[in-house]
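Engineer: Quick one: the structure is below, and I'll ask about it shortly.
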Amino acid sequence: MKHNVIGMDIAKSVFQLHAIDPQTGEIERIKLRRQEVLPFFAQRPASLVAMEACGGAHWWARQLIALGHEVRLLPAKAVRPFVLRNKTDAADARAIWTAVQQPEMKTVAIKSEFQQGILALHRLRAQLMKFRHMQTNAIRGLLLEFGYPLPEGYQALRKAFPATLASLEETLPGMLVETLREQWARIQSIDQEIAVIEGRLKQALSET
């Protein structure tokens, strides 16, 4: 039995599919475990498979395309209006199946592994920068409690902190000074990690 359009709701472990035979109108609702998905599609006639563009969707899209299927990724907000009853995996799969067949439905471009890798590096860099920001704010707050204001902005802090730390050795408890020194070393280590990621991004983009 050939189904031209399949709506697939992807998850971590269990996947829900919805399809309707274009000749008979027979509805097929299929639940698959993760390890069953690719073998299932390897046996199916070439179909249009639609998914929401959520986590893992780009990987699944590439796998299904390799099996000879056409894949379209839909924005979640475009699918939501077609969920007709309580939100379940089956209802979501049906909504995806309905949404992909709407005229002029916008789709999300399927990313290559390289494109996903670039985005992953950007996210990791942003995470490191956020952690660095948290660390520097904590140091500012602690020293302000002891009457030592530090300049705003990371670059200004980076220039001022070593001299400030040296001057604190005579006035603050030694255990605090040592801990601040360790925290500053950690921040410098984060700087190095950020620089490494930025170098990899620059090299990767220069090779495209």
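Engineer: Does I96 satisfy the condition of being at pLDDT 95 or above and either exposed (fewer than 14 other Cβ atoms within 10 Å of the Cβ) or touching a Gly at 6+ places or on another chain (Cβ under 9 Å) (or both)? Write out each step before concluding.
Structural biologist: Details: at pLDDT 95 or above: yes; either exposed (fewer than 14 other Cβ atoms within 10 Å of the Cβ) or touching a Gly at 6+ places or on another chain (Cβ under 9 Å) (or both): yes.
Yes; evaluated as a whole, the condition is true for this residue.
Engineer: Can you confirm whether I139 is touching a Lys or Arg at 6+ places or on another chain (Cβ under 9 Å), in a helix (DSSP H, G or I) and not acidic (D, E)?
Structural biologist: Answer is no for this residue.
Engineer: For V5, all conditions in the list (1) more than 14 Å from D89 (Cβ to Cβ); (2) in contact with an Asp or Glu (Cβ under 8 Å, 6 or more places away or on another chain); (3) surrounded by 18 or more Cβ atoms within 10 Å (Cβ to Cβ) hold save one; what is the number of the exception?
Structural biologist: Status for V5: all satisfied but (2).
Engineer: What's the number of the only condition in (1) in contact (Cβ under 8 Å) with a residue 60 or more places away in the chain; (2) over 16 Å from H133 (Cα atoms); (3) surrounded by 11 or more Cβ atoms within 10 Å (Cβ to Cβ) that L205 fails to meet?
Structural biologist: For L205, the failing item is (3).
Engineer: Can you tell me which residue in segment 40-58 is nearest to S13 (Cα to Cα), limited to those that are in a loop (DSSP other than H, G, I, E, B) and hydrophobic (A, V, I, L, M, F, W, C)?
Structural biologist: C54
Engineer: If you go through segment 87-115 one residue at a time, how many are without any contact (Cβ under 8 Å) to a residue 40 or more places away in the chain and of a type in the set (K, R)?
Structural biologist: Residues flagged as without any contact (Cβ under 8 Å) to a residue 40 or more places away in the chain and of a type in the set (K, R) within segment 87-115 amount to 2.
The values are calculated or read from the model by the stated rules, or taken from the named source; none is laboratory data. Keep in mind it's a predicted model, so treat the numbers as computed, not measured. Backbone-built Cβ (ideal geometry, glycine too); neighbour counts: all protein chains shown.
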